[in-house]
Each structure stands twice: as C-alpha cells, then as structure tokens.
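Presented below is the structure to which this report refers.
The values are calculated or read from the model by the stated rules, or taken from the named source; none is laboratory data. All values derive from a computational prediction rather than experimental measurement. Backbone-built Cβ (ideal geometry, glycine too); neighbour counts: all protein chains shown. Heads up: the accessible areas ignore ligands, DNA and RNA and are worked out on the full protein's heavy atoms, side chains in. Shrake-Rupley method; radii C 1.70, N 1.55, O 1.52, S 1.80 Å.
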Amino acid sequence: MKALKHPPKLALRFLRFYSGDRYAEEIEGDLFELYNEYVRLRGARFAGLFYWWLVIKNLRSYAFKNSTMDRREVHPFVMLLGHNLKVSWRDLKKNRTTSLINVLGLSIGLAGFILIYRIVTFELSFDKHLPDRDRIYRVYSDFESTAGDSFTNYGISRPIPGYARDELKGVELLSHFYTFEADVKVDPEGRANDFPEVNTILLADSSYFQVIDQYRWLSGSLDQSLKEPFQVVLTEKQARAYFPGLAIDQIIGKTIVYQDSLKTYVSGVVQRARHNTDFDFTEMISFSTIDASWLEKDYGYKNRWHSTSSDTQLWLKLLRNTDKAALDKQLAVISDTLQQRSNDDVWRRDFLSQPLDELHFNTKVGTFDHHQGVTHLSTLKTLAFVAVALLLIAIFNFINLETAQANTKLKEVGIRKVIGSSRSLLLSRFLFNALITTVASILVAFPLAYWCIHLLHEFMPKELSLGLHQFDFWCFLLGTSLVVGLIAGLYPALLISAPKVSSALKQGYNGSGRNKNLYLRKGLILFQFVFSQFLIMSTIVVVVQIQFMLEKDLGFDQEGVIYVQVPWHAPDEDLHVLKNQVTLLPEVTRASVHREIPAYRGWSTRTFSHFKDSLERNFRAHVRNGDTDYLHVYGIDLLAGKMIAPREDGNEILINERLREEMGFMSNEEVLGQRLGQGYMITGVMSDFHTQSLHHDIESTVYYYSQGGRYLGIQIHLEQDLSNTVGKVAALAEEVYPNHTVEIHFLDQTIARLYETEKKTSKLASLATGVAIFISCLGLFGLISFTTLQRTKEIGIRKVLGATMAQIGNVISREFVILIAIALVVSVPLSFYYTQQWLEGFSYSIGTTWWIYVLGGAISLMVAFVSVAFKIWSASTANPVESLRYE
C-alpha cells in the first residue's frame, strides 16, 4: 500500500497552534514516519484517526510529562486544560457522594439513551442500502365486503404478475417470485445432512436480483444460474452451512433435495450486502422448476384468478418519470377488470402499491411469510421520547445537585476573581468539570447498555449490538458527551460564576438561594415526577390488563391440553396413526385431528349466504374443521342439535351462537335444519369461543368435518404429570415421523403468546418506570440536600427551642410533598388519556379503574419519602451547636 503524501492538515495546524512552532518542528518528522508506517501496514482507511491520536498523545506528553521544559513555552490552552483537569479531579474526590450520584444518574440516563438510540437506528436502517429504493414497490391485495368487513393480504393471485407484465406501463423491471418452505437434504448420494423447516427459500428468476440489487456473484452469473429447471443459487452463508469446509468452486454442482423429492443442483453462490434487510432469503430455486416438477400443482397458473396467497409476491421497479399515483391508477384498472371477471357481489379486491420504505413498518400489510412481524413506527417514536425524557431527567438531576452545593464553591470563586480570573475562565472551569463527569458517566453507561441488551434479548433483534465497530456510533457518542456536558454544566456554571468578589467572600451570602433559581429547581423536580408517575400508572394498567386477558375465559379449555404440530406436507394418514397410539396412553382422555386450534394469531374465514323471508344475506364466519372429537378435546359445549357426521363429502355444519344471532334466529333450536352457503345444513349450535386474542370480539364461527389436518389436540387428565406425558407423546411422534420435526405445544402457552407484544410492552414499561423513579429520587435527594443546607441554622434554632424529629421532618418534607401532589394532578389526566387510548385496542378490557391512579400516586409518594428519609433523619439528629457556631 502506497503511503499518503501528507497527514491531515487540520491535525498539523492543531499541533502547531497548541504546542508552538519549535516543539512541532521537533516531532513532526517522527510523527510523519509513524504515519507512513501505519499506512504501509494497515492501509489508509483509519490513518487520519491514527495521526490525530499521535498528535493528542504527544501534546499530553508535552504538557504534563516534560518537567525540564520552560513552562513559558507551553501554550496557555494546554496549561488551562491541565489545570482544569487537576482541579476537577480534586473536586470530584472532595465531594464523593455528590459526584457518585451525578455519575450514577447520568450513566443510567445515558445507558438508556444509547440503548434506545441503537434500537431506533437499527430498525430505521432496513433496506436503506438498496439502489433506487425510492422506485421499488410491492403490489398487494386489499379486500372489503359488502357487510363492511375488510382485511389485507401482502400477496396476490397467481396469474396477476403475467397479466401485469403486459398491462402496466412505466415499469423498468418486474420481479415475480414465490416464498417457499421445505425440509432440505444435502448431497443424498453421499453423507446426508438434514435441515428441517427451512423457510427462507424463493422460487425466482434473474429479475429478483435485478430489482433487489444487494448481491455480489461469487460464482455463477445473473444470466445463466437461474435459467434452467432444478437450478438453485445459495447465499455464501447458507452455502457454507450446507457444505462446510468446501471452497465456493467446489460447491457448484452439488445436489440439494427439497421436500424429499425435488432434486436440484447448485448453479451459483452470491454474497449478500452486510446491511439490515427484510430480504433475508438464503436460497433461490429457478422459476422454471415449477413447470418441470410437482411444484406446478401448487404454484401453477391454472384457475387461480380468485385465490390470493401470501407466498405470491410481485415487486416493481418504476421508471424515473413514473410516480406512485400513476402506478395506482393502473392497478385500479386491473382491479376493476378482475372484479368484472369474478362476478363476486360479496367481496371487492383491490391491488395497491406499497413503497419499499414501508415494508419494515406497515403493520397492516406485513412483510413475508417467514417473518414474525413488523416494527411499529409508533413504538419507535415512543422509545425515542422515553430516551430523551430519561436523559433530560438525568441532566436535571445534575443541575439540581450542582446548584444545591453552589454555596460551597463561592469562596473559590471569590478567591479566583481576586487573583485575576475572569468569568469566562471560571465558566470553562465548571464546564470542564461537567464534561469530566459526563465522560465518566459514559464509561459506566457502556457496560450498563451492554447488560441491558442481554437482559432484554427477547425484545431485541438478534443482530443488534452496541455498534462499537462503527465510526458513526463513536461520532454520535462524542457529540452526545459534548451536548450533555454543556447542557448539564452551563446553568450551574453561569450561576456559580455570577457573584461579585465582595458578595462571594461575604459571610452568609446565599448566592444560589434566589427565588428564581429555587423555582427552576422545583420545576425540574416537578417534570421528573410527572414523568415517573405517568410511567407508574401506565405500567400498572398494562400489567393489570395482561393479567385480565390471561385469566379470562375464552370459551374453551386451556389447562391440561397440548397439541402436536406436524409438517404441512406430511400425509394425513400418519396423523391418524399417531392419534390412535396416543389415545392408548392411560394419561390421555381424548385426542382430535384438526386443521386449526380454537384461537391463534391468524385467521381462516369464508363467506356464507342464507335465504330468509325471500332475502339473501351474506355472513363472514371463521372456519374450524376437524374430526368429531374436536369439541370434546377443547371443552366446547354443544348447546343444541347433534354432532356432524364423520363424512368428508358431508354437508353438515355446526355454528356458534353469535352466527345464529346474526342470522336473526331467537333460539338455538329454531336454527337447526337451516341451509347455509352451498347446501350446508346446520345440525347443531355450539357455545361461543374466541377465535383470536381479546383484541377482537367473539365472531361468527362455523365447524365442519375434515379428515385431514396439521394438528393433533390432546386432552390429558389434570392429575397426571404433564411433562412425563409430553415425553411419551414425543416418543410416539418420533416413531411415526422419523424424518420430520414434530413440535409439541401447551395450549395455554400458545394463548399467552397472543399477547407477546403486550408482555414486552409491560416489561419495557416496568424497566423504564424503575429507571425513571430511581433517577427522580436522586433528583429529589438533591433538592432535599439543597433545602437542608439552606436551612441548617433554622433547623438548629428549632431544635434548641424543643422541636421534635417529626416536626423538623414535616418542615423539610413539606415542599416535596406539595411537588408530588402537583405532579399527581398533572400526571393523572395524561396517563388516563393515553391508557384509555391503548385499552381501546381490546374488545375486552379492564375499563376505567380509579384505584390504579390512587395506587400510582401512593407508590410515588412512598418511594419519594423513602429516598429522602435518611437526609431528613440526619438533619434532625445533627448537633445544633455546629449550625449555630458563628451566630
């Protein structure tokens, strides 16, 4: 690597300005040689930073280690820097308690700020690296019925991409691909390695790599690697996982088998950009494989116009002169054409465009099938607000504590002014002290933030880190240190350096006790407690609501019920074999083969029509299907009629009470025998049960017979050992499915996972509440310290006159009790408004509970009193002789 001719000019000027020409000329040659050596060995990427480090290191040596040098040659700035460093260190050691509180409060606030900054920047960085990202759109489907029901599917119909390819104008590139999930076997002719349930597979052609341009070809080519059937392109990471120890060239041509029979060979290996992306697919099978294999029956084009699937993806890259409005107009025309062809009078389907920028944040649309969910922008905004609030609370604490001990620094200020120090030098002295405290807090904040990432790993993305290897993070950290130090130290520095010499040296002068300063400190404390009380009340509401949801009866049994989930492609006969073996276990009461459990995160609905009084009405109902043991296993009551007949071609169905009410029948017996949909006859009415979480009301539900399924529900005697029974079921499942992964779940845990977001919110809110309370109590301690310091002589006089500890405590604590009461008055309506807005997202909630706000206020008052109790006790038990010595 060729060395650069000159190091950074700004660093050279900095060296000459702060050390003088003489010293700079002496060391510039040595620094230049070290700089060139660094460039030769490590390259020029961080050479500039290395040279700055050399300059600063030599300036430090120049200012503090060369004792034989004439001090008149030292630049005044360097002398001032060294002096302030020494004095600040002495000041921190002298006031250990205050310094410790300052560092602790700032470090906690900074740790929260750094952690949330990393979370927010991480989530906002997804797919920002893609070229022409502002011109990339996805086409998705939006449904609305005549009854007012609506839902969204981020996929489209199978034939739409081919139709859009001919009809859409202003499109530069069009990419149509399918998401795919399968078991994988690598190199079955030799030593086979199984990789069950790989869900990051695509069926795609070369257009995918052109629209989602984030790959670099390590082997193979864009034109040839997905041209023929049975070709597959792997990412480098997946290729090394499938074929460890082999070079990239050796991997080409290797065999990969999907779903036991889809035999492919590796035709290319690509390296994905090392950026955050939702396009985290690991292998791309050639699109032409569909027509040449059994995939055709699932992904072919025939007779699929009216079937919408989330695995069918259509992505567009527009021409530069085409905007979203023009695209939406063309999609509306396609939607109208399809609606006319379908003759569907119940549902209207529109094709809409989604910008790439919204992919990671649109909770209505979603991302891809293998993703668990999307990021809520509102949550990121809330986190950003909490981060700023926590940091402000920590800064306010610093200001309170610094102004509280201002009197102890008045003599220092007076003496410095007598010997000729200007106010600007005093300001620099106290600002430097704040910066030193901030730097110390940053050092403590690092391990705290790192610990929080591991403590809250269930909420954090797996790839999230503090980002110590990123240059922009260090720039952010440096900027934060400077800003926090200046904000925290400016007001105390202005306040302490303000008194004149005569006033500062005057005995008894109270330079920081003026009303406006006292009001400011009280205002800062008031803000802290408003925020902490708001968090306390909101957290209690979240916790109580979650407990309410977990304990509410959903209309079916959860306790003692487990279910086995088998691969979707497994034969139905195998699941019935497993059912027969499981029911022989003495611990098992009943078992049922079915397609859906009673309640889960997704939904499966159908529209049914019914004629009554010569009028046809349409009803949308959730669908559940399985064998005749379904209701018994899950404890759903059959209120009227009889169970459906176990026939696959039968037309008998069960409905719930909610659907019976919507159909307009007053009693369960009255609806029996009615026809619903395409000849279905209602043979029974089952009790209502929740098909989704408590965010939704109980909805109309239909149950009909189905021999196949993916789930085996098992009811176990409650007196039996569940873990032992689960082990027996797992052993039987392994015998029936030796080559597949079978999952066993507890139903109550599955239902609890429906509220995973709320649980995370509760835990984060509890943590933020604890941090806010702790920091606020530190601030309150500072205010009490200031109050007791200002009223030392008053307390002494009261003790001499016979005041008790309780009376003195009442005098001291009266102010902060009033502040907490005011904060309570402000925080109650705020928390009430926001918690009610949050509770509106649930069809069943705890409603308005006044005791929560009373409890929140009591907790705030109790915590505040505990935090100042020691200070009140020490002030009440102090020897009055000490405080009255000079009177």
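Restricted to the range 576-638, the set of strands (runs of 3 or more DSSP E) holding at least 2 residues that are surrounded by fewer than 16 Cβ atoms within 10 Å (Cβ to Cβ) comprises 605-612, 615-626.
For the range 318-332, does any single residue satisfy the condition of being open to solvent by less than 20 Å² (accessible area, probe 1.4 Å), over 16 Å from residue 153 (Cβ atoms), modelled with pLDDT of 80 or more and not in a helix (DSSP H, G or I)? Checked the range 318-332: at least one residue is open to solvent by less than 20 Å² (accessible area, probe 1.4 Å), over 16 Å from residue 153 (Cβ atoms), modelled with pLDDT of 80 or more and not in a helix (DSSP H, G or I).
Among the residues of this structure, residue 225 does not count as one that is open to solvent by 30 Å² or more (accessible area, probe 1.4 Å), in contact (Cβ under 8 Å) with a residue 40 or more places away in the chain and under 24 Å from residue 317 (Cα atoms). Taking first residues from the range 159-180 that are free of Cβ contacts under 8 Å to residues at least 40 places away in the same chain and partners that are surrounded by 17 or more Cβ atoms within 10 Å (Cβ to Cβ), the Cβ contacts under 9 Å between residues at least 6 apart in sequence or on separate chains come to 165/171; 165/174; 165/176. If you go through the range 286-296 one residue at a time, do you hit one that is of a type in the set (Val, Ile, Thr) and buried (at least 20 other Cβ atoms within 10 Å of the Cβ)? The answer is yes, given that some residue of the range 286-296 is of a type in the set (Val, Ile, Thr) and buried (at least 20 other Cβ atoms within 10 Å of the Cβ). The condition of being within 24 Å of the chain's Cα centre (by Cα), within 18 Å of residue 374 (Cβ to Cβ), of a type in the set (Val, Ile, Thr) and in a helix (DSSP H, G or I) holds for only one of 108, 114, 119, that being 119.
Among the residues of the range 313-337, which ones are free of Cβ contacts under 8 Å to residues at least 24 places away in the same chain and among the small types (Gly, Ala, Ser)? Within the range 313-337, 325, 332, 335 qualify.
Given the criteria closer than 29 Å to residue 642 by Cα, out of contact with any His (no Cβ under 7 Å at 6 or more places or on another chain) and surrounded by fewer than 19 Cβ atoms within 10 Å (Cβ to Cβ), does residue 707 qualify? Spelling it out, residue 707 is indeed closer than 29 Å to residue 642 by Cα, out of contact with any His (no Cβ under 7 Å at 6 or more places or on another chain) and surrounded by fewer than 19 Cβ atoms within 10 Å (Cβ to Cβ). For the range 256-284, the set of residues classified as under 18 Å from residue 214 (Cα atoms), out of contact with any Asp or Glu (no Cβ under 7 Å at 6 or more places or on another chain) and among the hydroxyl-bearing types (Ser, Thr, Tyr) consists of 282 only.
Criterion first (at pLDDT below 70, touching a Lys or Arg at 6+ places or on another chain (Cβ under 7 Å) and not small (Gly, Ala, Ser)) does residue 95 satisfy it? No; evaluated as a whole, the condition is false for this residue. The number of residues in the range 247-292 that are of a type in the set (Asp, Glu) and under 23 Å from residue 196 (Cα atoms) comes to 4.
Each row is one residue, and each column tells you yes or no for (1) within 19 Å of residue 175 (Cβ to Cβ); (2) not basic (Lys, Arg).
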{"position": "199", "(1), (2)": "no, yes"}
{"position": "202", "(1), (2)": "yes, yes"}
{"position": "208", "(1), (2)": "yes, yes"}
{"position": "216", "(1), (2)": "yes, no"}
{"position": "222", "(1), (2)": "yes, yes"}
{"position": "225", "(1), (2)": "yes, yes"}
{"position": "233", "(1), (2)": "yes, yes"}
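For beta carbons closer than 6 Å, sequence separation of 6+ or different chains, a first residue in the range 641-667 that is without any contact (Cβ under 8 Å) to a residue 12 or more places away in the chain and a second that is open to solvent by less than 40 Å² (accessible area, probe 1.4 Å) and assigned to a helix (DSSP H, G or I), the qualifying pairs are 665/671.
Taking the criterion of being among the aliphatic types (A, V, I, L, M), open to solvent by less than 40 Å² (accessible area, probe 1.4 Å) and in a loop (DSSP other than H, G, I, E, B), the residues of the range 643-672 that qualify are 644, 645, 663. Highlighted here are the helices (runs of 4 or more DSSP H) found entirely within the range 202-275 that include at least 1 residues which are among the basic types (Lys, Arg) and under 23 Å from residue 126 (Cβ atoms): 236-242.
Restricting attention to the range 673-688 and to residues that are modelled with pLDDT of 90 or more and in a loop (DSSP other than H, G, I, E, B), the residue that is nearest to the chain's Cα centre (by Cα) turns out to be 688. For the structure I just gave you, tell me whether residue 353 is surrounded by 13 or more Cβ atoms within 10 Å (Cβ to Cβ), at pLDDT 90 or above and outside any loop (DSSP other than H, G, I, E, B). In short, yes.
Condition check: assigned to a helix (DSSP H, G or I) and at pLDDT below 85. Does residue 741 satisfy that? No. Checked against the criterion of being in contact with an Asp or Glu (Cβ under 9 Å, 6 or more places away or on another chain), within 30 Å of residue 321 (Cα to Cα) and crowded, with 19+ Cβ neighbours inside 10 Å, the range 183-202 has no qualifying residue.
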